[in-house]
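Structure first, commentary second.
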Amino acid sequence: MYVTRQMDIRFKELFRKGHVKGTVIIAAGNEASAVGMAMPFRPGKDIVSLLHRNLGAHLVQGCSPFSSICQYMANAQSPTHGKEGNVHYGDAASLRFPMVSHLGSMLAVAVGGTWSARRNGCDAFGLAVIGDGGTSTGQFHEALNMASVNKVPVVFIVENNGYAFSTPVENQYNCKSLSDRAAGYGISGRTVNGLDAYEVYSAVTEALELMAADPQPVLIESMTVRLEGHAVYDNAEYISDELKAQNLQKDPLKFARAAYLEYCGGDEQELYAIETELCGQLDSLVSDAARVGRPAAASVSMDVFAPVNYRQIKPYSAKNVRNTNAINTALQHILAENGNAFVCGQDVGRYGSAFKTCKGLIDGFGPKKVIDTPICEAGTTGFCLGASQTGSLPIMEFQFADFSTEAVTQLGINTGTWFFRSGKPAQILFRLPCGGGITLGAFHSAEFDGLWSRFPGLKLFYPVTPQETYEALMAGFYDPNPCIVFEHKLLYWGKPGDIEFDGDLQKVYRPRQYSEGKDITIVAIGAMAEQTLEAVNTENISASVWNPFILNPLKLEPIFDSVRSTGRLLVVQEACETAGLGSQFISLAAQECFSRLKCAPALISAPDTPVPFAKELESVYLPNSGIIGARIKKMIGDVK
């Protein structure tokens, strides 16, 4: 606790001198809670998710003061090599998960990590920390509910210091105590004095003893104070001088010091000597850290993708199958070959998922590998991220691609950046049933390939044929990075085809060509591939038709070669004009092939409106073969 306080003092001084930048969160007043709660957990075995004011917990869990100082100074020896801010660090390899600033998002990650560790034979427990303000977020409730439903032994600690930045607790909640919320999830809860490290420690220890006998989560509210502002730049003008003075009288370090003298048999002189020695050590560490060089861009990896060790898996062949069969078969093969894999999502169990792509899986593999989840897309995504860190291989199905927007933070920001931030891969396969054409309206018909391509660190596959669908799921599952496979719902029952997969995953990562031609290159995405081929065949056009297949990272060179040869490019997407990737394809092609173009590239898309519901409206909304054929003839005719 003393080291934490003294490090805070030095961080403030370094900030004022310009040696420390960013959001320097002040932990003063929270030391007892942070240290007391972290001491019972075993570094490298238990799953720990810490937040802004938990510097003391980092130290207890094995992070050296020098490492933390380097992190705040963002130098070359910082744990994140200068890539992350002051408090955004951890050690994923040791199960101390690095945080994101989006409050509530890390709780489900701790739940998934703990659940997976125990599933794989480790008697692990979890620690997940949130502040009083963070309990107002939906993901707080999602995580508690998932932990309760699945009986995951996670200690949820709410550190209540009375303020979320400047917002007082009376504007955050209306219950007497935040621990009262435990009853709503059927779990135990209690409020403790967070100014007394031993009381916090005892409460956590008792919770762990109960969990050992009956695994289930526990909610503990730790009542602390904030002796200064939210961060070094915050003077806390919103707190009265009277309350500030009252809080200073509650300084947990004073109580800890008095307790040491009373119960440990020491005296003032001895304790002063210890404190003096610690200060000297910290000053030396700060001096050492100041001499460390700045991060060099040339030597710091900025890779967002973990390297892929392409492997050979079992070959598979099938005749005359549809995409639904390809998906179901791929999932069966994955679950059969990988004991640590599991499928999760809404209604994937006995119902077999909304479009029956998971039909029969629960009969073959049971409810521990085919898991119906609560309706909490963000929480489930975080759960899968945590599970990926403790030996499991998750496959998550979003019931509709539209619902993936509920998980933008968890999927795009937390999961997508995980390898960049932590250096540890997050191997997760996400399945997104997408697209229109089956009269489901605005909230069940979108694609969102354009949205998810904007987040670094996510790999995107968009297959069309049964062969591509099987390959995409296999490649996405075995890739060490988080992968999204878009499954167009109309193509679930599209044209049947054969699957001839030789098991070489490296061959999967390439665009797919459906026809060769000399007059025009057409890039068609999703269900638009079938409409495009119909137009080309009906109009007897010599066209080179491509499916990019890999939407991130893009691998377009074969398509560019085709554009250079034909001199014309048409992109056909189902997404509305500003939401899809078509404009990006055209921009890149113009940069790479400009001198070879015979006419301006063109884009066919849906209009910039939501997908209408009625069949008569949707059929006009979606691009069709007639529109595609007319545009092709116009582009070819413009130069003849």
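Suppose a student asked you for the relative contact order of segment 329-427, using Cα pairs under 8 Å spaced at least 6 residues apart; what percent would you report? Computed value for segment 329-427: 28 percent relative contact order.
Against the chain, whose longest principal axis is taken from its Cα atoms, helix 377-388 shows a tilt of about 80°.
Considering all C-alpha pairs of segment 2-291, those separated by over 28 Å amount to 36%.
Counting lysine pairs in segment 316-508 that sit 8 or more residues apart in sequence, or on different chains, and whose Cα atoms lie under 23 Å apart gives 16. The modelled label-to-label distance between residue 188 and residue 600, using points 7 Å beyond Cα along the C-beta direction, is 7.1 nm.
What's the magnitude of the charge dipole for segment 2-291 around its Cα centre, counting Lys and Arg as +1 and Asp and Glu as -1 at the beta-carbon? Answer in Debye, nearest 20.
For this selection, approximately 920 debye.
Rounded to the nearest 0.05, what FRET efficiency is calculated for residue 279 and residue 609 with R0 set to 51 Å and r the Cβ-Cβ distance?
0.20
3J(HN,Hα) couplings calculated from phi for segment 592-598 with the Karplus curve 6.51 cos²θ - 1.76 cosθ + 1.60 (θ = phi - 60°) are, in sequence order, 8, 10, 3, 5, 9, 6, 9 Hz; Gly and Pro show x. Working note: Karplus 6.51/-1.76/1.60 with θ = phi - 60° gives segment 363-373 the couplings 5, x, 10, x, x, 7, 10, 10, 10, 6, 10 Hz, where Gly and Pro are set to x.
Pairs of lysines in segment 2-291 whose Cα atoms sit within less than 20 Å of one another amount to 5, provided the residues are eight or more positions apart or on different chains. Loop-located chymotrypsin sites (Phe, Trp or Tyr not before Pro) across segment 160-195 with a Cβ neighbour count of 15 or fewer within 10 Å are 165, with loop assigned by DSSP. Our note on the geometry: Cα centres of segment 395-474 and segment 312-339, 20 Å apart.
What the phi angles of segment 150-162 give under the Karplus curve with 6.51, -1.76 and 1.60, with θ = phi - 60°, is a coupling list of 9, 6, 9, x, 10, 8, 8, 9, 9, 8, 9, 9, x Hz, glycine and proline written as x. Using R0 = 60 Å, the C-beta based FRET efficiency linking residue 260 and residue 319 works out to 0.20.
Using the Cβ-Cβ distance between residue 443 and residue 202 with R0 = 51 Å, the FRET efficiency computed as 1/(1 + (r/R0)^6) comes to roughly 0.55. Between residue 344 and 371, 395, 396, 397, the built amide H atoms are under 5 Å apart, and every one of these is 5 or more places off in sequence or on another chain. Less than 5 angstrom separates the built amide H of residue 514 from those of 545, 546, 547, all sequence-distant by 5 or more or on a different chain. Dipole orientation for the chain: of the candidates 327, 560, 399, 560 has the Cα lying most toward the positive pole (charges on Cβ; Lys, Arg +1; Asp, Glu -1).
Values quoted throughout were computed directly from the atomic coordinates according to the rules given, and no laboratory measurement underlies them. Quick caveat, the model's predicted, so the values are computed rather than measured. Neighbour counts run over all protein chains shown; Cβ positions are idealised from the backbone, glycine included.
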